[in-house]
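J.: This is the structure I want to talk about, given as structure tokens.
The numbers here are math on the coordinates, done by the rules we state, and not lab data. This is a predicted model, so every value here is computed, not measured. Cβ placement follows ideal geometry from the backbone for every residue including glycine, while neighbour counts extend to all protein chains displayed.
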Amino acid sequence: MERYIFYMVALIMIVSAIASVSSRKMLRSVIYLLFVLVSIAGIFFLIDYNFLAAVQLTVYAGGIIVLMIFSVLLVHHIEMRLEVAKVSKRILTAIACIIGIGVFVTTIYSYDFKVEGIATTTTTEDIGIGLLSFGEGGFILPFEVISVILLAAMIGAIVIAKGKRLEPNNDETL
Amino acid sequence: MIEGISIYEILTLTSILFFIGVYGFITRKNLISILISVELILNASVVNFVVINKYLYPDMLQGVFFSIFIIAVAAAETALAISIIINLYRQISSVEVKDIETMKY
């Protein structure tokens, strides 16, 4: 049963990814990206990492997609069609990518992975303890650094997007 | 781990996703489309981290932590990139790559 669900999710993911990089309309491309992200969350649910799937759904599907849709609506007419690269360049890139996939897949299949058979469930408590422990193998320093990075990115985004102060057009209204 | 699915099939899936992202990154001419392709590449790497953690070292959590950090960095990067794009559009009224010759303020 899980096998067929995985194949369905993989099919949806690849078809929407191809549609996302080849669609001529901007907004549709973003919506296809949303399908890809939701199916990745489905894979996280399948391999039993519920917390990571929830993070994927809230941060990516909830946050980044909405940000991208807003930016598309701010900078584009919806009807406008994108210009794409020349056909020869697209074919050349596609051939290079297929060769790359071939190299990756042959390397993966020639390596003998030592798969552990035991299935353990990870609770959110384990992840929280691991993120905040400062002993051996603890991740508290990167956790704090990430919070500083998020704060810096937030302030930087506000400052950059605000741009120059708007000059008042006519002084009589002020 | 998923019943009946080996690690090889999932790694094949993420390789295909990664190269679709590379294809979009090279062929698109628009800043927001390039950003979408970068998101595809980052997501492929996140799935790789998680799957290798689950199949090879199921009693550890390092892959999950790195995935959370990658997601946080990707969110910060997207917010900054979109603010730069909006500011650029305000100044030169275009988000095509060929029109952007200067990043001077």
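J.: Report the local net charge at B:L35: Lys and Arg +1, Asp and Glu -1, summed over other residues whose C-beta lies under 14 Å from its C-beta.
T.: -1
J.: Show that you can apply the helix-only estimate: for chain B, add -39,500 (n - 2.57) for every DSSP H stretch of four or more residues, divide by all residues, and state [θ] at 222 nm to the nearest 500.
T.: On the way: 3 runs with 78 residues, N = 105.
Only helices count here, giving -26500 deg cm²/dmol.
J.: Could you tell me the relative contact order of chain B? Use alpha-carbon pairs under 8 Å, at least six residues apart, and round to a whole percent.
T.: Numbers: 76 pairs, mean separation 28.9, N = 105.
Relative CO of chain B lands at 27 percent.
J.: Report, in deg cm²/dmol and to the nearest 500, the calculated mean residue ellipticity at 222 nm for chain A, where each DSSP H run with n ≥ 4 adds -39500 (n - 2.57) and the sum is divided by the residue count. Mind dumping the intermediate values first?
T.: Working: 7 runs with 115 residues, N = 174.
Per the formula, -22000 deg cm²/dmol.
J.: What are the membrane-span-like helices in chain A by this rule: whole DSSP H runs, Cα extent along the axis at least 24 Å, mean Kyte-Doolittle hydropathy at least 0.5? All intermediate terms of the calculation are to be shown ahead of the outcome.
T.: Numbers: long enough: A:2-22 (30 Å, 1.59); A:26-46 (31 Å, 2.35); A:87-110 (34 Å, 1.59); A:140-162 (33 Å, 2.29).
Span-like helices in chain A: A:2-22, A:26-46, A:87-110, A:140-162.
J.: Contour minus end-to-end for A:V84 and A:A54, with contour as 0.36 nm per residue of separation and end-to-end as the Cα-Cα distance?
T.: Details: separation 30, 0.36 × 30 = 10.80 nm, distance 3.51 nm.
Here the segment from A:V84 to A:A54 would lengthen by 7.3 nm.
J.: Take the Cβ-Cβ distance between A:E144 and A:F113 as r, set R0 to 45 Å, and report the resulting FRET efficiency rounded to the nearest 0.05.
T.: Working: r = 34 Å, r/R0 = 0.76.
That gives a FRET efficiency of 0.85.
J.: Relative contact order of the range B:46-105, please, whole-number percent, based on alpha carbon pairs below 8 angstrom and at least 6 residues apart.
T.: Details: 20 pairs, mean separation 13.2, N = 60.
About 22 percent, as a whole number.
J.: At each listed q (0.08, 0.09, 0.16 Å⁻¹), what is the log10 of I(q)/I(0) that the Debye formula gives for the protein assembly as shown modelled as equal alpha-carbon point scatterers?
T.: -0.39, -0.49, -1.31
J.: Provide the FRET efficiency to the nearest 0.05 for the B:Y57-A:I99 pair, computing r from the beta carbons and using R0 = 22 Å.
T.: Computed FRET efficiency for B:Y57 and A:I99 comes out at 0.10.
J.: Please give me the summed charge of the neighbours of B:A72: other residues whose Cβ is under 15 Å from its Cβ, Lys and Arg +1, Asp and Glu -1. Write out the running numbers ahead of the final one.
T.: Values: positive: none; negative: A:E144, B:E39, B:E77.
Every neighbour counted, the sum reads -3.
J.: Do the alpha carbons of any pairs in A:K162/B:K98; A:K89/B:K98; A:K25/A:K89; A:K25/A:K86 sit beyond 26 Å of each other, and which pairs?
T.: On the way: A:K162/B:K98 24 Å; A:K89/B:K98 16 Å; A:K25/A:K89 20 Å; A:K25/A:K86 17 Å.
Listed pairs above 26 Å: none.
J.: What range in chain B is the longest one free of trypsin sites (Lys or Arg not before Pro) that are in a loop by DSSP and have at most 15 other Cβ atoms within 10 angstrom? Provide the component values of the computation, followed by the final result.
T.: Details: sites that count: B:K29, B:K104.
Of all site-free stretches, the longest is B:30-103.
J.: Further question: Which GluC sites (Glu not before Pro) in the range A:1-104 pass both tests, a DSSP loop state and at most 10 other beta-carbon atoms within 10 Å? Write down the numbers at each step before the final one.
T.: Details: sites: A:E2, A:E79, A:E83; in loops: A:E79, A:E83.
Of the GluC sites (Glu not before Pro), the ones in loops of the range A:1-104 whose Cβ has at most 10 other Cβ atoms within 10 Å are A:E79.
J.: I would also like to ask the following. Above 12 Å lies some portion of the pair distances; for the range A:123-163, what is it as a whole percent of all C-alpha pairs?
T.: Values: 529 of 820 pairs.
Pairs farther apart than 12 Å: 65 percent.
J.: Let me ask you something else. Which trypsin sites (Lys or Arg not before Pro) in the range A:70-153 pass both tests, a DSSP loop state and at most 16 other beta-carbon atoms within 10 Å? Intermediate results must be reported in sequence, preceding the final value.
T.: On the way: sites: A:R81, A:K86, A:K89, A:R90, A:K114; in loops: A:R81, A:K86, A:K114.
Taking the range A:70-153 and a limit of 16 other Cβ atoms within 10 Å, the loop trypsin sites (Lys or Arg not before Pro) found are A:R81, A:K86, A:K114.
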